[in-house]
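Have a look at the structure below before the remarks.
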Amino acid sequence: MKYVILGTAGHIDHGKTALIKALTGVDTDRLKEEKERGITIELGFTFLNLPSGIKLGIIDVPGHEKFVKHMVAGVWGIDLVALIIAADEGIMPQTREHLEICELLKVKKGLVVLTKIDLVDQELIEIVKEEASELIKDTFLKEAPILAVSSVTGQGISELVSVLDQLSQEVMERPSEGLFRLPIDRVFVMKGFGTVITGTVVSGNLSLGESIEILPSGLEAKVRNLQVYNQPVERIVAGQRAAINLQGVEASQIERGEVIVRPGTLLPTTLMDVYLEHLSSAERPLKNRTIQRFHIGTLLANASIQLIDKEELAPGEGGFAQLRLDRPVVAMSQDRFVIRGSSHIQTIGGGVVLDPHPERHKRFSKAVIEDLTLLRDGNKEEILRHHILRSGMGGVTLEELFRRIALSPEELKLLLKEMNEKGEVLFIDSERSKAIHLSHYRQLKEMIIQQLRDFHHRFPLKSGLAREELRTKLPGEMDARLFQILLNDLLQSGEVSLEKDLLRLSTHSVSSMDERGLVKRVEEAVLKGGLQPPSPKELAEEWSEEENHLQTIFDHLVHQGRFIKIKEGIYLHQLPFHQLKEELIHYLKEHKEITTAQFKEMTKASRKYTIPIIEYFDQIKLTLRIGDKRILRTGRTD
């Protein structure tokens with residue numbers, strides 16, 4: 001079954017509610033105050049089964065200027081609009097304002113309905129028809145039918161149903177894929193059920209039993225029951241008017257303007273980039289940093305408007321702006337919004353969201369204006385490329401892209417696949433759920449190579465740089481998985497080598513940097529010293545060399561396995577160390593234990609060396625100290 005949403009628009013007391021009752025038999029004025037005053041104050045809802053089988057959801061909006069905020073909430077996301085004009089009064093202020101709001105929200109189709117024709121003669125009907133034609137000639141309704149009806153006598157109602165059916169068949173169905181969103185327009189408690197919210201499903205689908213999140217509050221709940229036009233269903237889809245019975249949340253915790261989504265799919269924002277259109281009917285220019293009323297979905301907030309490319313917007317002008325909101329809202333790219341004055345409350349403009357999660361911008365920045373122009377005018381691939389590039393060297397997840405781009409999951413994955421095949425983007429996880437632009441990937445590879453190059457220049461006699469130390473020198477947004485992918489790429493290409501957890505450029509070797517043969521001299525000096533070798537400091541003083549330089553050589557020889565670092569300042573060559581180790585093992589196997597004095601006798605070295613050496617054997621778990629004696633650790637025979 002196809003579902004289409006019709007919204008009414010028009011001045012107060014022009015017969016919107018009466019017309020809906022004539023069409024459906026339902027009085028959408030449900031409040032006691034509405035009945036007493038005879039005017040619509042809140043949104044009303046009903047439906048009509050059209051001859052073709054299409055189910056037409058109908059939203060009745062208030063016509064009074066005080067309730068325009070409710071009207072905006074009602075028509076956001078409708079497919080068709082019926083602009084209602086009373087034949088006995090003609091075009092009135094809210095007739096024009098409601099039409100402007102529909103224009104700003106980019107409602108694509110609709111019709112004009114002249115009501116109360118039973119109160120006037122045919123001549124006046126023709127005059128009002130001409131006025132209506134003049135009103136809509138430069139709008140989206142310029143080719144729309146203009147019908148004359150009477151809700152009292154029923155004249156023209158059957159023709160209206162036929163036209164609504166035809167228009168509904170022309171409406172393109174909304175895709176049920178994509179992120180689920182339902183802006184809440186009503187919250188109430190139903191006896192025996194509990195909390196119920198209603199709204200229009202603007203995208204995606206939702207099934208019975210699923211968990212949902214209410215934004216911006218962040219409350220979570222479970223779907224207990226679903227209804228579409230008073231009928232229980234197991235699934236709701238885009239284009240339907242739906243009621244959701246929620247479990248786990250109180251009605252008092254929810255308010256109109258919040259949005260139902262699946263948990264973790266969308267994030268609230270208080271900053272957004274937009275293209276703003278200032279209505280030609282506005283009374284004065286729109287100046288930078290003015291605070292105006294901001295309507296999006298079913299929500300009303302206040303927005304400080306920072307114009308990006310102009311000092312002010314004259315009536316009829318458009319421009320880029322960054323909106324700073326006084327409360328969090330939920331928005332996606334390509335969402336439409338309306339701006340109304342904060343002091344003199346009337347509609348002054350509206351526009352389209354370009355980026356719901358931007359950074360703060362400098363005004364009149366050429367780069368910023370170019371980016372915003374691309375987001376406004378670019379095709380889907382260009383906009384996707386922009387967001388991947390802007391995400392930087394950390395890459396971007398598919399979830400983040402969903403929040404920024406008006407694409408279905410299928411469209412997004414297909415575009416990313418095509419960009420990957422063209423060599424523009426690289427997937428950086430096995431699930432293909434995170435991507436990085438190849439230009440950033442190449443920059444990161446060059447950064448790694450440059451860091452190693454700089455390290456070798458500063459420490460020519462060090463074997464290489466530790467993996468984790470290298471990672472700390474790279475951009476913080478790069479995660480461990482991407483770092484490993486980069487390293488694997490560089491290791492496979494042969495540009496970088498890995499030896500004992502140290503990374504180096506494959507072209508680097510210590511021997512080629514040791515022009516004076518210091519490495520060999522240091523090794524010979526320490527080997528000659530046996531179990532009482534010279535320290536880096538002692539050699540530096542003896543040879544008149546820089547201690548730091550010699551320390552680098554000692555560290556290199558430790559890494560190579562030729563020196564054993566006993567403690568700071570004491571390094572043994574591997575040959576005397578292993579000879580001593582074998583002698584100690586043999587002694588302990590024969591005598592079972594050894595004292596410090598006996599060990600000192602074995603080494604023929606001073607306490608300066610013997611105490612650190614025997615303690616080192618404890619550290620490597622060769623020996624176990626018991627009082628002043630050592631024994632061979634159980635199971636050690638090496």
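The values are calculated or read from the model by the stated rules, or taken from the named source; none is laboratory data. Being a predicted model, the structure only gives us computed values, none of them experimental. Counting neighbours? That spans all protein chains shown, and the Cβs are built from the backbone with ideal geometry, glycine included.
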request  = Go through the residues of the stretch 222-231 one by one and say whether even a single one is under 26 Å from the mean Cα position of the chain (by Cα), over 17 Å from ASP185 (Cα atoms) and outside the structural domain of SER304 (by TED's automatic domain parsing).
outcome  = yes
request  = May I ask you to list the residues in the stretch 598-610 that are of a type in the set (A, V, I, L, M) and under 12 Å from ARG630 (Cβ atoms)?
outcome  = MET602
query = Taking the condition aliphatic (A, V, I, L, M) and closer than 23 Å to THR373 by Cα, does LEU276 pass?
reply = yes
task = Go through the stretch 176-194 and give me each residue that's over 26 Å from ALA406 (Cβ atoms) and acidic (Asp, Glu).
result = none
query = For LEU461, all conditions in the list (1) closer than 30 Å to VAL522 by Cα; (2) aliphatic (A, V, I, L, M); (3) out of contact with any His (no Cβ under 6 Å at 6 or more places or on another chain) hold save one; what is the number of the exception?
reply = (3)
remark   = Scanning the stretch 253-267 for residues that are modelled with pLDDT of 95 or more and buried (at least 18 other Cβ atoms within 10 Å of the Cβ), the one farthest from the chain's Cα centre (by Cα) turns out to be ILE254
request  = Counting only residues that are modelled with pLDDT of 90 or more, crowded, with 19+ Cβ neighbours inside 10 Å and not assigned by TED's automatic domain parsing to the domain that holds TRP543, give me the helices (runs of 4 or more DSSP H) lying completely in the stretch 415-524 with at least 3 of them.
outcome  = 438-458, 480-493
key: Yes/no for THR270 being within 21 Å of LEU179 (Cα to Cα) and at pLDDT 95 or above   = yes
query = With respect to SER463, is the statement that it is within 17 Å of PHE554 (Cα to Cα) and not hydrophobic (A, V, I, L, M, F, W, C) true?
reply = yes
query = Can you pull out the residues in the stretch 354-382 that are among the hydrophobic types (A, V, I, L, M, F, W, C) and in contact (Cβ under 8 Å) with a residue 40 or more places away in the chain?
reply = LEU354, PHE364, VAL368, ILE369, LEU372, LEU375
ask   = Of all residues in the stretch 108-153, which are in a loop (DSSP other than H, G, I, E, B), β-branched (Val, Ile, Thr) and out of contact with any Gly (no Cβ under 8 Å at 6 or more places or on another chain)?
value = VAL120, THR139, VAL152, THR153
remark   = The number of residues in the stretch 597-607 that are touching a residue at least 12 places away in the same chain (Cβ under 8 Å) and surrounded by fewer than 16 Cβ atoms within 10 Å (Cβ to Cβ) is 2
task = Please name all residue pairs, on different chains or six or more residues apart, with Cβ atoms under 7 Å, provided the first residue is in the stretch 69-92 and is at pLDDT below 90 and the second residue is polar (S, T, N, Q).
result = ALA73/THR298; TRP76/THR298; GLY77/THR200
message = When you check TYR275 against the structure, is it among the hydroxyl-bearing types (Ser, Thr, Tyr) and within 30 Å of LYS310 (Cβ to Cβ), yes or no?
response = yes
key: Residue in the stretch 526-543 that is farthest from the chain's Cα centre (by Cα), counting only those that are aliphatic (A, V, I, L, M) and buried (at least 17 other Cβ atoms within 10 Å of the Cβ)   = LEU531
task = State yes or no: is GLY297 under 27 Å from ILE254 (Cα atoms) and not polar (S, T, N, Q)?
result = yes
inquiry  = Just the residues that are touching an Asp or Glu at 6+ places or on another chain (Cβ under 9 Å) and of a type outside the set (A, V, I, L, M, F, W, C), please, taken from the stretch 583-595.
reply    = THR595
ask   = Only one of (1) over 32 Å from the mean Cα position of the chain (by Cα); (2) closer than 13 Å to LEU141 by Cα fails for GLU103. Which number is that?
value = (1)
